[in-house]
Each structure stands twice: as C-alpha cells, then as structure tokens.
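First the structure, in the form of structure tokens, and then the observations on it.
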Amino acid sequence: MRDKGLSSGSIQVFLGPPSASRPMTAITLSYIIGLILTTYFDIPYILLTIAALTLPILTAIAVLTGRLQAKTKSVWRLLLALAMLSGALRMQTQIESWALLQGRVQSIAQSGEMLITGTVQESNRYEPNSQTLVLKQVFVEKWGRSQPFPCDLIVRTGHLPQDAHIGDHVQFTGRIAPIRGLRVQTGFDFQQYRYAQNVFAESYVSSDDVTINTQNEFTLRTAAFRAQDQINTHLLADESSNEQRALISGLLSSIALGIRSGVPASLNDSLHASGLAHITSISGLHVSLVLFGFAFALKLLGLRRRWAGGLTVVVAILYLCLVGFRVPTVRAALMAFVLIGSYFTERRVDALNSLGLAALLILLYNPSELWLPSFQLSFTAVLALVLFNPMQQWLFHAFPFGFKHLAEGMFASVVVISALAPFSLHTFHDITPAAVLGNLIAIPLLGILLPLTYIWLAVSWLPFGLLTSSIGWALVQVCRALLWTIQTTAADGAFQFTLAFPGVACLAVGLLALLLLARPLVDWGRIGPCRVLNLHIALVLALASLLLYGQRLAPGNLRVDFVALGQGDCTLIRTPNDKTILIDGGPKPFHQTSRTITQLEEFLLAQGVSAIDLLILTHPQNDHIGVLPQVAQRFPVGRMLEGVADNNSMTYQNLVRALDERGVERHPIRQGDSFQIDGVEFWALNPALESHEKDINEQSVVLWMRWKKFDALFTGDIGSKTEQRLITDYDNWDADILKVAHHGSRYSTSDGFLRETLPEFAIIQTGRNNYGHPHIDTRQRLYDINAHILRTDYDGSIQLQTDGEGYRLYASRSNRLYVFKEE
C-alpha cells in the first residue's frame, strides 16, 4: 500500500501510515475476528485448542531450524492467525462457561421459594414506583441449608422505604428464575447484556419483604452516595420546586458521581431526544476532563513530568473506584496509562495502538463486551476521532483562533454522530443531528460543571460558609444552563429521526465506508489505467449500503409475528412483497416509564417496518388498542378497518384522534367483507351485519387469511356463543394456525369449534394476569385435538414464515423451532 499526503503551507497530513507501525491494532482486530467467528459458527472446542497449541510450536520450530526468518511477513501473519485462534478459543470458553452457569441456576431455581441474601452491587430506579437491585455475593437458604449462588442476581421490587446503596446487605424470601431470552425481538438483547455482567437469574419480590442492612464500611463508591446525599441536603436545600430539585440532583449525581438511579424520567426522555445522553454517562470525556484538569494543576505547581504522571495514574484509579468500573471509563483510563507510560519509556505513543491495547485487555477479560452497546459506542467514537484527526487539522489549520476551535468542535461532533449512527439505529432506532450543535454548548458547560462539583463537595465539609454558598450558587447556575441546553436541543423530539432498522450488513458496510473517508487518498494500486483510492472504495461501499437498505427484506414468503407484549393481542403480517398489516396493538402499559419509544414501536422498527399499509382493530378494548395511538403518530398508516366502535372509551378516543390528525381513513368491516393485499386473501367472518349483541368481545372482528395452501384464523376475543354461530354459518374449514380467542379464556375455544377448525398450531397471546388465562380447560381441549400450543408469556414473540406450502414457527424466548411441511 502506498500513501499520499495533502500539504498546505507547513502542514503535511499523512493519509495512510503503514500497518506494520501499529502491531497492537492488527493483533486486536485479529482477536476480534476470532470472537466473531466462534459466535456465529459452531467450531469444535477441541479443534480450536489443538490449533492454538500447534501453531506457535510449529512456528518456533521453523524459526529455530532456519526454515523461517524471525522478522519476515510470514511470522507476522502467523502471529495474527494465533491472535485470531486465541479470540475464538476465548469466546468458546465463555460460551461453555455460560452453559454451565445456566444449568446450575436452573437447578437452584427448581427449589422454589427460599431465603436469599446478597450485597448490593447496583441500584436503579427506572420508574417512580419500582426499583431494580443487582446483588453480588448471593447466598440461598432452603430447609436450613445455605449455599452460595454461582452468579449475581437481579431483584425487581417496588419503591423501597429505605434507599439501597452499593455495599448494603439485602435479605428477602422469594423465588429465583433464570433470565430468559428475548420476549420481543428488538435491537437490544437483554439476556446477553446481563450475561456479560455475570447476571444469570432474576427475582420479583414485594418491597415489604425486603430487609436492608445498611453497612458503614467506607469505600470510594459508597462515598459517592454520601456525596449525593450532601448535594440533596445542602446544595439544593433552598430549591423551592421539587421537580427542579430532582432534575438538578439527577444531573449532578450522574455526571460527577456515576449514579444514574436518581435521574427523573422526564430528564431521561430529554437526554435521549437531544442526543446528549452521553454527558450523563461517565465516559472517556469525563475521565479526560478530570485527568487533564489534575495534570494541568500539577504542571502549574511545577512538578516534574514523571512525578506528575505517577500521581495522575493514582488519581485515575481512585476516580474509577469513585464512579464505578464501566467500559468507557476503563478504556479511557487504560489509554491514559499508556500515554503516561511513554513519559518513562520516552517512546512515542500511537493513539490507534493504545486504543487497540485497551480493547484487547477488556476483551481478554470479558469477550462478550464486544456485543454490548457501551463497548461499541465508546470505542467507535474514539476510533473515528483518531482517524479523522489529521483531516481535521488540515481543514482548519488556517482558521483564526476562535473560529478554529468552533469549527473543529463541530467537525468532531459530526464525525462522532455519523460514526455512531449505525449503532444508534441498531440499538435505539433513531439518530439526533441536533446533538452537533448541542455538544458545542454542553461539553464546555460539562468542563465547568465537573470541577465546580468536586470543589463544592470538598469545601462543603469545611467551615467556609460564604465560600461554599458562592461556589454552590455558581454550580446551580451552570447546571441550569446545561438543563436548558438539553431541553432546548430535545425540542419535543423535533430533531430526532426514527428509522426502520436497515439490517446489520447495511450498517456495517456504511460504517466501513465512513471510516475509509478519513484517509481518502490512500492508494491501493491500479486496476487498468485507473488508480484505486480509499475514496473510490468508500463510494462503492456507500452505494452498496444504500442497495442493501432497499433490499433489506427478501420478498417471496409470507411472515406473521405474534408479538409478546403482555396480556393483549398484537399480530404483524408482512406479505411476500413487504406490505404490512397490523392487527391490534397489545395491552396498554401499566406504568409510564422513561422510554421515549414503546416496545411495539421498537419491535416494528427493529423488523424493518417503516409504514403500516393496513391497521385492523378487532374491538375497542384497552388490551387490543394498547399503544396504537403512539404507533399511528410515528408510522404512516394507509387505512384502518374496525368492527364496532366505543366512543365511551378514552383509549379509543385517543386512537381516533391520532388517526384523524394523520388523515387516516377508517372503514367498518362486517361479516361477508373480503379484501386482498399482495395476493394474500382475507375474509371477515364476524361481526354480523345485523347483531343485537351487547358484549363487545362477541363483536370482535374474526378474519380468515389464506395464501396459496396456507390458512390462518384470527378470532379476537369471541366467546363460545359466536363460535357456535360460525360453526353453523361455515363448514369445510381446516386452519393451519389458530390465534386462540380471548387469551385462552375457558369460555372461548369450545370443543365443537376446535373440531371444526382442527388447527395444527394454537397461538395464545397472554401475559401476567388475574383471570387464569390461559385456562387449563382450554388447554386440555387443544390437547384433545393434538394441537401444538405456543404461548407468548412462556415462548415470547412467535414468528411464522411460510412459502404457501409448508411453514415454520420460531419462538424467540423459549428458542423453540417447529417446521411443518404439507404432505
């Protein structure tokens, strides 16, 4: 590879340093490739072990016998191959370790109710009346016998009368359940996220049953909670507005102390909508500001470079202990240690090499971090800044001093937001361009806020009342300015763009194209008379990314998703040519959480849905309307079909209002109506044209769907009365799939109805409820006709794909797969 430079005045920017000068980067990339291969391909553990042991031995023999020179490219390639094998072996070891832990947790969970004790490792309050604790050093006791639990435990409870701080001991009586797979297939895998944190089980317990024993042991992490109490009781004691007090306290605690449990839901929404959530999550930015400030103070004191470096290392470790060991902070600290190490070795530090070393150390300790958003976002942001730094210097070196820093800040913000866009779309399904301007204000304010907070905390314990109050007043004003920036940038989500998930391949190709643009003139040689530059490759990849986005869903098959949203119905149908039909919207959420996007919207976006061609409401009850008003506001809707209306229902009125605002036409559907979308035929079997039935459930829309030889029946919430009428009106109907009526109620899915329809599979959409759904009598009637039962409360979302002849069903949570082929 040959490099070319851009020159302007005295500045020379080299656009492609040779890879041999960055060995750690190459080794880390090879190690990551090994992790990826083992994750997606089932490679036998014994083969990996033999290869990893044999390769270095053969290489050493070849070097010693003179068959291979120690400094040749062949040895370098063998070293990279060994790094790749090491990554594959490390990931395989992790996977097998997870399997063993899953088995042990499952065995203990079968013991039923037991006495559980543990030490609080993490405490979060995501909703006003609920709290989530993560316990370490857990012990379980049954029949007087106590044994250590093999992993950490997540405990979900209500609002605790006493705050549980890190290090406190917790005791309660309850059951343990293994953390299951995804209920709803979105971009975020909660099970994998918790496994990476050594959490394999969860427990639900009443807050009245939890006993907290406060520990007075002093650690730097417990000191953070004491500092939070100091902020609440002294700094904000005169704050008249409870809402404003909560906002300032949550902002300061998260930014300076790494405590996010007190951040109000409204502030979380604003942070997400503004794209400024990174300022409240302790990251490399915070570590850099703290260490730079400390190093600058030591320089003013005249300390020698090596002494200052040693003290900075000590402060970095203490700071990590204070705010918690998270991937972004550990990454920034490791890179700082490499830089400080250069003071003693007197060798130049390469940013990409130090970044690669930090990533390698983290992935050696825990390879599953590679798949978590915190690792991906942190390292990608720094990688983009490092790669584009020469271009930034070349572009703005001639700017006047003030404009130069402003332009560089905007350029860096655009680069980071662009580089993180693929990960934001994959995990959060949106991007926020407004953060480019928001960062220009928020980051300088953060640079003032951090030292002011630490200075105020230091002097607040001393008898300097006037000094403390003056610094406190200035701190609150800066905090108000930062809050204003966040809320203004959020602007009710006006600058937040939500996009359907375009697919992993599309995002990966797009990210690679962007990173290649950092060195646009790197020369890869000639193809005929033309030179091939990074710029040309980037343009080709960008075009490929656009083509992949346009072809993200392969046509040809019919797909039906029975979405697990709880005690309610929701079914998504996608035709062979990607027309979208949504039947019902699941239940209405019980609590208002800090999520700015509902689970149904997140599911639709993760599945690549950008518009809904047809919306069908079976009947106007809360467990079927659910979040359809929010869905109608976010997604373009072609038209809506509905059975009976209920203008007395507030939820139904909200849906009608949302549809009217978007200009969506609503049409009634009755027995005998039929329609066709993309070759898929639908017939309405209910409600009757003339009916005096007063029960809304019995007036549910019943749909028969047919595509080629595949048939499915959607029954809403009808009962046995309507089922008997349908048996009388229709005959010769055998269904492949039956969406069981009324969540498996004992008063539906009658014996006669089942023997008439004879479904192969019965899908029951239900969740936690007080009605006994699905009832044992209903299940027994299904067993009697040899129907396979799938339940969304146990199996999670159920995905069906058919070519019109055979079909297959996959359950996301129970990981069950059924394949049925027509004889």
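The values are calculated or read from the model by the stated rules, or taken from the named source; none is laboratory data. Treat the numbers as computed from the prediction; the structure is a model and nothing was measured. Glycine also receives a Cβ, built like all others from the backbone with ideal geometry; neighbour counts cover every protein chain displayed. Each accessible area value is taken on the protein alone, full model and side chains, heavy atoms only, with ligands, DNA and RNA left out. Shrake-Rupley method; radii C 1.70, N 1.55, O 1.52, S 1.80 Å.
Overview of values
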quantity: Amide H contacts of HIS788 (H built 1.01 Å from N, under 5 Å, at least 5 apart or other chain); calculated: PHE761, ALA762
quantity: Restricting the stretch 334-422 to trypsin sites (Lys or Arg not before Pro) in coil, as DSSP defines it, with at most 16 other Cβ within 10 Å; calculated: ARG347, ARG348
quantity: Counted charge near ASP695, where neighbours are those whose Cβ lies closer than 11 Å (Asp, Glu -1; Lys, Arg +1); calculated: -1
quantity: Debye log10 I(q)/I(0) for the chain, one point scatterer per Cα, at q = 0.09 Å⁻¹; calculated: -1.06
quantity: With every protein chain in place, the chain: carbon and sulfur % of accessible area (1.4 Å); calculated: 59
quantity: Descending semi-axes in Å of the stretch 751-811, equivalent ellipsoid built from Cα gyration tensor; calculated: 21, 18, 7
quantity: C-alpha long axis of helix 373-396 to longest principal axis of the chain, angle in °; calculated: 50
quantity: Whole-Å semi-axes of the ellipsoid equivalent to the stretch 181-266 (Cα gyration tensor, √5λ, descending); calculated: 30, 19, 15
quantity: Largest to smallest principal axis extent of the C-alpha atoms in the stretch 616-716, angstrom; calculated: 38, 34, 20
quantity: Listed residue pairs exceeding 27 Å between alpha carbons, taken from LYS588/LYS739; LYS579/LYS721; LYS579/LYS739; LYS588/LYS709; LYS588/LYS708; LYS579/LYS708; calculated: LYS579/LYS721; LYS588/LYS709; LYS588/LYS708
quantity: Per residue accessible area of the stretch 286-404, 1.4 Å probe, in Å²; calculated: 52
quantity: Helix 23-40 axis, angle to the chain major axis (alpha carbon atoms, nearest 10°); calculated: 10
quantity: Distance histogram in 5 Å bins (all Cα pairs of the stretch 673-823, percent per bin); calculated: 2, 9, 18, 22, 21, 16, 8, 2, 0
quantity: Only Lys, Arg (+1) and Asp, Glu (-1) charged, at Cβ; the chain dipole about Cα centre in debye; calculated: 4080
quantity: Degrees, to the nearest 10: 435-459 long Cα axis against longest axis of the chain; calculated: 70
quantity: Mean accessible surface per residue for the stretch 712-752, computed with a 1.4 Å probe while every protein chain stays in place, in Å²; calculated: 37
quantity: Loop-located chymotrypsin sites (Phe, Trp or Tyr not before Pro) in the stretch 132-174 whose Cβ has at most 13 other Cβ within 10 Å (DSSP); calculated: TRP143
quantity: The stretch 75-156: mean projected area of Cα convex hull, nm²; calculated: 8.4
quantity: Antiparallel %, DSSP beta bridges [both residues in the chain], to 5; calculated: 75
quantity: Mean ellipticity per residue at 222 nm, deg cm²/dmol - from DSSP H runs of n ≥ 4 across the chain, formula -39500 (n - 2.57); calculated: -15000 deg cm²/dmol
quantity: At R0 = 35 Å, FRET efficiency that the Cβ-Cβ distance of VAL386 and ASP163 yields, to 0.05; calculated: 0.30
quantity: Average accessible surface area per residue within the stretch 113-259, 1.4 Å rolling probe, Å²; calculated: 46
quantity: Listed residues ILE776, ILE669, ILE46 arranged by accessible area, highest first, probe 1.4 Å; calculated: ILE46, ILE776, ILE669
quantity: In the stretch 416-503, chymotrypsin sites (Phe, Trp or Tyr not before Pro) in a DSSP loop with at most 13 other beta-carbon atoms within 10 Å; calculated: TRP461, PHE464
quantity: Shape box of the stretch 207-358 [Cα atoms, principal axes, largest first, Å]; calculated: 58, 38, 35
quantity: For the stretch 430-497 versus the stretch 97-120, the gap between their alpha-carbon centres in whole angstrom; calculated: 43
